[in-house]
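Take a look at the structure below.
The values are calculated or read from the model by the stated rules, or taken from the named source; none is laboratory data. These figures come from a predicted structure and were not determined experimentally. Using ideal geometry, Cβ is built from the backbone for each residue, glycine included, and neighbour counts are taken over all protein chains shown.
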Amino acid sequence: MSLAPTAPLGYYLGIDRFLLDAAALGLANRVAGPAGEPLGHWRVDGSATSADAISERVATGSMFGGGTLAVVLEPGPLIRSKDGREALFRILGLVAPGNALAFIDPLKNLPSERKPLDAGKSALREAVIAAGGEFRQVPALTQGNLTRFIQDRASATGLRLASGSAQELARRIGGFVRESDADLSGLGQLASAEVDKAAIYRLDGELSPDDVRALVPEVIPSSVFALTDAVGLRSAGAAGHLERALDVTPEPVLIVLLHRRIRELLELSDRIAEGASLQVAARAMKLHEFRARMLETQARHWTAAELEAALGGLLELDATIKGSGAGGSGERARQLGFTLWLSEFVVRG
């Protein structure tokens with residue numbers, strides 16, 4: 001990573017969209033300087049531009065007023081081929097004084113040793129750094145990171161927070177969700193908007209946790225993992241998770257995931273009932289021991305007969321979704337089918 005960039009270039013990739021945009025704006029502010037005029041912004045998708053078009057925006061300095069910050073969102077199409085990469089990399093050294101060029105690459109997950117950056121993104125990172133630019137990875141804002149972000153944002157806006165208010169705000173907007181499939185990319189923007197709203201509400205005095213609960217609607221990011229766990233535990237909260245999951249996940253996918261969870265619970269219960277230890281059952285089912293323990297905890301909420309009945313109910317629900325059941329295949333009938341399956345086979349009254 002370039003700790004002291006010398007060129008007005010930046011490549012920012014990661015999860016939180018607000019922090020990605022803030023990194024590009026930070027680059028523009030450094031180029032303008034404390035007494036300089038703000039840079040004008042030109043924003044374009046990588047799929048809708050070319051190296052030549054970007055060069056036209058940044059290769060010539062402004063004679064009057066501030067320069068230009070060119071932001072290229074999702075540069076993947078520009079670096080997919082060798083010729084495209086070479087054309088883009090040629091303009092990195094042509095950014096005129098007073099201008100800036102930033103690449104923003106939203107990702108679902110940060111790169112790791114197991115899943116590194118692809119060749120195009122890696123090449124762009126190295127080219128930006130070699131040209132004296134800045135490369136930064138932006139994580140999701142969750143738990144402690146989100147709480148600190150809220151505290152910093154409140155301080156910048158002059159909002160005083162009572163003890164526990166930042167944590168309560170982070171919790172209410174979904175910052176403490178643990179499911180790995182939840183979309184956390186908008187938490188920074190949501191937190192910033194709520195802090196700005198609270199700053200107007202509390203022009204004087206402190207914002208208390210009770211104020212937060214009164215002002216901020218509770219948001220839980222959609223997660224099919226949360227849904228399957230709630231089903232496994234036979235939790236009343238499964239209905240809420242189902243409603244959110246149906247908004248973003250195809251119904252056949254939900255059927256498959258629910259069927260897999262019920263089948264795993266039934267198989268694990270059968271193996272343990274036949275005398276197998278949890279470790280032996282986990283190896284036979286090719287499960288990590290931690291996951292097997294989680295399933296064992298959920299299985300205690302069911303009898304074998306109840307799990308078999310739930311499986312049968314899923315088969316009928318699958319038929320409804322495919323249009324071959326008695327309920328038809330309309331959207332309302334399908335959603336009602338999921339709700340009835342939960343009430344009949346999962347959530348105990």
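Data table
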read-out: Residue match in the stretch 24-37 (condition: on the phi < 0 side of the Ramachandran plot, under 26 Å from the mean Cα position of the chain (by Cα), among the polar types (S, T, N, Q) and assigned by TED's automatic domain parsing to the domain that holds GLU86); value: no
read-out: Exclusive hit being on the phi < 0 side of the Ramachandran plot and either in the same structural domain as ILE150 (by TED's automatic domain parsing) or of a type in the set (Gly, Ala, Ser) (or both), set ASP210, ASP270, ASP229; value: ASP210
read-out: Leading residue by the ranking (modelled with the lowest pLDDT) among those in the stretch 246-274 that are not β-branched (Val, Ile, Thr) and not in a helix (DSSP H, G or I); value: PRO250
read-out: Of all residues in the stretch 177-208 being at pLDDT 85 or above and not in a helix (DSSP H, G or I), the one that is nearest to the chain's Cα centre (by Cα); value: SER185
read-out: Counted residues, the stretch 143-175 - those being over 14 Å from GLU194 (Cβ atoms) and touching a Phe, Trp or Tyr at 6+ places or on another chain (Cβ under 7 Å); value: 1
read-out: Of residues in the stretch 209-245 being in a helix (DSSP H, G or I) and surrounded by fewer than 18 Cβ atoms within 10 Å (Cβ to Cβ), the one modelled with the lowest pLDDT; value: PHE225
read-out: Selection within the stretch 300-311 - surrounded by 13 or more Cβ atoms within 10 Å (Cβ to Cβ) and in a helix (DSSP H, G or I); value: ALA304, GLU306, LEU307, GLU308, ALA309, ALA310, LEU311
read-out: Test: residue in the stretch 261-277 that is within 25 Å of the chain's Cα centre (by Cα) and without any contact (Cβ under 8 Å) to a residue 24 or more places away in the chain; value: no
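Okay, residues lined up against (1) within 27 Å of ASP247 (Cβ to Cβ); (2) loosely packed, with under 14 Cβ neighbours inside 10 Å; (3) out of contact with any His (no Cβ under 6 Å at 6 or more places or on another chain); (4) at pLDDT 90 or above:
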| site | (1), (2), (3), (4) |
| --- | --- |
| ALA276 | no, no, yes, yes |
| ALA284 | no, yes, yes, yes |
| GLN298 | yes, no, yes, yes |
| GLY313 | yes, no, yes, yes |
| LYS322 | yes, yes, yes, no |
| GLY327 | yes, no, yes, no |
| GLY330 | yes, yes, yes, no |
| TRP341 | yes, no, yes, yes |
| GLU344 | yes, yes, yes, yes |
